[in-house]
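Novice: Below are the structure tokens for one structure; questions will follow.
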Amino acid sequence: MSLKKFTDILFDRDPDARIDLFKVFPGLYRIFERRKLHAICRTVGDIIFTFIIIEGLFGPQDPSRNCILFLAWGLWWPTVVLSWFFVGRMWCGFCPFPGLGRILQRLGLTWHRPVPRILSKYGTYWSVALLALIIWIEESTGMKESPLGTALLLLAILSGAAVCAALFPKQAWCRYLCPMGRLTGVASTLSMVEFRPNHDQCRKCTTFACKRGDEDEPGCPVYLGAFNVRNNLDCLVCGHCLKLCPYDAPQLNFRNPFRELIVNKGRFITCSYIIPFLMGSQLARFFAEGTGSILEACSHAFSCHMLLYSMLLLAGFLYVYCVNRIGALLFGMTEDELFGKFSPMVPIFLPIAFAGELAYRLNYTISKAPDFFPVVGRQFGIPALETWTFSCPQWLYPAIDVPVMLIAVIAALYVLYMFVYSEFEGMVARWRYHAIQLLILFMFGTYWYFMSRGW
Ligand code: SF4
Ligand code: SF4
Ligand code: SF4
């Protein structure tokens, strides 16, 4: 690995520069090919998930006596969110949700029906709708404070994956319906790594075993095959195809994290729907947490809480949607004769959306971490643990939130710069460029304002 290539990637001097991590670290290739580490991690994950679900369903419902809330919302989910930036969709290779479905399929308990068109064609819309539903339910019902609600959410995703596995071959849920997978896929367009084949090798391939499989191994679990992977949206980075490929074509590339955003230019409908909703929901969440419990404002009336939160989410969504539209109008074009319709503001705002998500999740972790051991102590009757606590200084929130959001704003400004001075060179007037820069800073200011209410 030459230093020049590394700096070329880092500073985006050569758009095509990549470093194949499988070649640089052959041990990594073996890990993906042999899949022992995946099996160990999945087993550990299965045990923890089973514990979370059982304790959520049957354990104490008092949040101060049930540690599964911190395990699920304070450890697991922020770790997954953090992983998006570094390893993209790799989490999916270890995810325990498809486990039950795989067992059903191994036992032959599957109908093996062909995936219907309503899923293959409209699955994106379903998964985005499911994601919106989950965020709405998660926030409006205060799920992060409810062990039962948390367990039911995990059970619902597990059941969805199992039902799909019982009806269709392989992992139809993961390809078409999983809301978490959809979110992870969109976030992974910003990742430092990408899973891609060496297309020169694929051109001479006659078996396409990565998709079809062979006598011993099934092919790609999401009907994709390495040769079809052109972005980070759908590939699970599970590595199943490594063993199947006769030419060692699959690569795990280190790349400039903004390259895919620049190349995609907001052409994918998934991103266009998810980004405004995610950002809107974050503004609503930061607002609600900075303003004190909405539940208290509603005198603990559940329906009032749900209604208020729904209105907040809607207001957040409409706000981001309008800013998005203004940005698109300022950009001056949303259609190109080469690649059709696109949403220029979506890839520009995408880093802010996922930085906001990371900041929000880390804030939860910081706020709940000091109580973790005392909660475990109360839950399992270990008095010694009840005194194992510490305090997190209040400055830790801005110390994390501000750098995370600043990096995201720099990324957004960079993507805009690349659009104006490279991809659409000479097509966006200078005043429009500066106006969109101001819009990005305005969005940053909005986040700052709502975030700072909780610091
Ligand atoms: S798509 Fe969803 S269920 Fe499938 S592996 Fe990814 S997160 Fe898990
Ligand atoms: S990844 Fe391998 S198996 Fe798949 S098409 Fe390319 S060369 Fe063939
Ligand atoms: S192409 Fe398919 S088998 Fe290969 S890593 Fe991606 S999801 Fe897994």
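The values are calculated or read from the model by the stated rules, or taken from the named source; none is laboratory data. Small disclaimer: the values here were computed from a predicted structure and weren't measured. Here the Cβ positions follow ideal geometry from the backbone for every residue, glycine too, while neighbour counts run over all protein chains shown. Ligands, DNA and RNA are excluded from the accessible area calculation, which covers all protein heavy atoms including side chains. Shrake-Rupley method; radii C 1.70, N 1.55, O 1.52, S 1.80 Å.
Novice: Only one of Thr43, Thr79, Thr110, Thr50 is within 16 Å of ligand 1 (Cβ to nearest atom), closer than 27 Å to Tyr223 by Cα and not aliphatic (A, V, I, L, M); which?
Specialist: Thr43
Novice: Given the criteria in contact (Cβ under 8 Å) with a residue 12 or more places away in the chain and within 22 Å of the chain's Cα centre (by Cα), does Cys67 qualify?
Specialist: Judged against the criteria, Cys67 is not a match.
Novice: Here's a follow-up. Starting from the stretch 204-231, keep only residues that are farther than 16 Å from Phe32 by Cα, then list their pairs with residues that are open to solvent by 70 Å² or more (accessible area, probe 1.4 Å) and within 11 Å of ligand 3 (Cβ to nearest atom) whose Cβ atoms are within a distance under 8 Å, requiring at least 6 positions of separation or different chains.
Specialist: Pairs that qualify, where the first residue is farther than 16 Å from Phe32 by Cα and the partner is open to solvent by 70 Å² or more (accessible area, probe 1.4 Å) and within 11 Å of ligand 3 (Cβ to nearest atom), are Tyr223/Lys211; Leu224/Lys211; Phe227/Lys211; Asn228/Lys211.
Novice: A further question follows. Return the pairs, sorted by first residue and then second, in which the second residue is open to solvent by less than 20 Å² (accessible area, probe 1.4 Å) and hydroxyl-bearing (Ser, Thr, Tyr), the first residue lies in the stretch 169-180 and is over 12 Å from Thr110 (Cβ atoms) and part of a loop (DSSP other than H, G, I, E, B), the beta carbons are less than 7 Å apart, and the residues are 6+ apart or on different chains.
Specialist: Qualifying pairs under 7 Å: Cys178/Ser127.
Novice: Give the residue that is nearest to ligand 2 (Cβ to nearest atom), with candidates limited to residues of the stretch 84-108 that are aliphatic (A, V, I, L, M) and touching a residue at least 60 places away in the same chain (Cβ under 8 Å). Walk me through it before giving the result.
Specialist: First, the residues of the stretch 84-108 that are aliphatic (A, V, I, L, M): 87, 90, 100, 103-104, 107.
Checking the rest, the ones that are also touching a residue at least 60 places away in the same chain (Cβ under 8 Å) come to 87, 90, 100, 104.
Working: Val87: 20, Met90: 18, Leu100: 29, Leu104: 27 Å.
If we take residues in the stretch 84-108 being aliphatic (A, V, I, L, M) and touching a residue at least 60 places away in the same chain (Cβ under 8 Å), then Met90 is nearest to ligand 2 (Cβ to nearest atom).
Novice: Given Trp111, Trp126, Trp136, which one is within 27 Å of Ala408 (Cβ to Cβ), open to solvent by 30 Å² or more (accessible area, probe 1.4 Å) and touching a residue at least 24 places away in the same chain (Cβ under 8 Å)?
Specialist: One residue alone meets the criteria, Trp136.
Novice: Of all residues being under 21 Å from the mean Cα position of the chain (by Cα) and within 23 Å of Tyr176 (Cα to Cα) in the stretch 241-267, which is farthest from ligand 1 (Cβ to nearest atom)? Just the residue, please.
Specialist: Going through the qualifying residues, I end up with Lys265.
Novice: Here's something else I'd like to know. Go over the candidates Ser293, Ser299 one by one and state the one that is modelled with pLDDT under 95, of a type in the set (Ser, Thr, Tyr) and either within 30 Å of Ala17 (Cα to Cα) or in contact with a Gly (Cβ under 9 Å, 6 or more places away or on another chain) (or both).
Specialist: On the way: Ser299 fails: either within 30 Å of Ala17 (Cα to Cα) or in contact with a Gly (Cβ under 9 Å, 6 or more places away or on another chain) (or both).
When all the criteria are applied, what remains is Ser293.
Novice: Quick one: would you say Arg106 is farther than 27 Å from Val186 by Cα, at pLDDT 95 or above and open to solvent by 70 Å² or more (accessible area, probe 1.4 Å)?
Specialist: No; evaluated as a whole, the condition is false for this residue.
Novice: Report yes if Ser140 is within 16 Å of ligand 1 (Cβ to nearest atom) and at negative phi, otherwise no. Give the derivation first.
Specialist: Working: within 16 Å of ligand 1 (Cβ to nearest atom): no; at negative phi: yes.
No, not satisfied.
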